[in-house]
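Here's the structure we're looking at; comments come further down.
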């Protein structure tokens, strides 16, 4: 009885092992790889204006608006001056094209009469952008469209020349929305072959 | 009396042997089914850095999410094309070291022959995330069908 059971298990085991070998060791002429996986040469970073925190403040009495920016300027308001900016670095080994979009507009972020919401791009390290698509070192309104603004179509990856800075400026009307206001920026990098 | 005991003992041993054998076969069948069911396994290295700046790293052989400050997110995508002449089932896993930061746009789906699907990976960091480099991998399993699978 026991011998029969051993024999039965041995046969089953041999059959199963044969199946395993046949299906796994490619004796059937089956090609090894049929599914292609490509890593898309694009990345998207989302970051909040919270990273740049202007803190609490108000427009000076009798003034129609206040202007604050990340270059340390505060005009007609009592905010604490800040100089924190966004730094975008190309850490990889390929040149990039960089796009930037905001989540809000001046009106949706600040509200009130004639609000302003601007950004300014600079080469944080010299010659980081080899082909500027917008004027650098000057304020321009944020762009909240899906594609945003193309800042630079050729951002270098050279270690000493691979970073841009983005400063922000807000023109806050005296009748603006009150409370904590936040926004999310999206930077998209596309590899340039 | 002694002979009866011996018979009982022998019957018990036979039953035990049969039971063990059945368990053994079930286990073997399970392992073989799983290995038979898998057509391909691919592992892609993945990493990101939580730091003060924003950084892009568009490596084409790895899912490098670059550098992101606490509270920020970074996304990259892969395209999967089925060149088999049959439908396949795709499952995607991320390693433990990065799983809590990673979201996958879609998972566990069928791909028709010739079909290409784009899958996005998004790394989210918390506002109190610890600075440092996080390394892991994304594993893509191509199966004949959606059956049970041992990772």
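Peptide A:87-98 has a mean of 5 when you count, residue by residue, the C-beta atoms of other protein chains within 10 Å of its C-beta. Legend: mean number of C-beta atoms from other chains within 10 angstrom of residue C-beta atoms, peptide B:79-87, equals 3. Based on the alpha-carbon gyration tensor of chain B and its eigenvalue square roots a ≥ b ≥ c, which shape applies: rounded if a/c is under 1.5, prolate if not and a/b is larger than b/c, or oblate? Because a/c hits 1.5 or more and a/b fails to exceed b/c, chain B counts as oblate. Placing pseudo-labels 7 Å out from each Cα toward the beta carbon at residue B:131 and residue B:27 gives an inter-label distance of 5.0 nm. Between the helical axis of B:2-37 and the longest alpha-carbon principal axis of chain B there is an angle of about 30 degrees. Determine, from the Cβ-Cβ distance of residue A:136 and residue A:180 and an R0 of 45 Å, the FRET efficiency 1/(1 + (r/R0)^6), rounded to the nearest 0.05. Calculated transfer efficiency: 0.90.
For chain A, what is one quarter of the convex hull surface built on the Cα atoms, given in nm²?
Over all viewing directions, chain A projects a mean Cα-hull area of 20.4 nm².
Note on residue B:105 and residue A:114: with the Förster distance fixed at 30 Å, the Cβ-Cβ geometry gives a FRET efficiency of about 0.15. FRET efficiency for the residue A:83 to residue B:79 pair, using the beta carbon distance and R₀ = 51 Å, is estimated at 0.75.
Take each residue in A:183-192, count the other chain C-beta atoms within 10 Å of its C-beta, and the mean is 3. The listed peptides B:98-105, B:25-32, ordered by packing as a protection proxy, come out as B:98-105, B:25-32 (highest mean of other Cβ atoms within 10 Å first). Note on B:56, B:19: ascending count of other Cβ atoms within 10 Å places them as B:19, B:56, the fewest first. Between the helical axis of A:2-24 and the longest alpha-carbon principal axis of chain A there is an angle of about 50 degrees. Computed over the alpha carbons of the protein assembly as shown, Rg followed by Dmax gives 30.2, 113 Å.
When the helices of chain B are scored as -39500 (n - 2.57) per DSSP H run of n ≥ 4 and the total is divided over every residue, the value at 222 nm lands at -9000 deg cm²/dmol. If a paramagnetic tag sat 7 Å from the Cα of residue A:71 along the Cα-Cβ line, which residues of the range A:126-140 would have the backbone N under 16 Å from that point? Answer for this model: A:135-140.
Here, each number is a calculation from the coordinates, and none is a lab measurement. Nothing here was measured: the structure is a model prediction, and the numbers come from that model. As a convention, Cβ positions derive from the backbone with ideal geometry for all residues, glycine included, and neighbour counts pool all protein chains shown.
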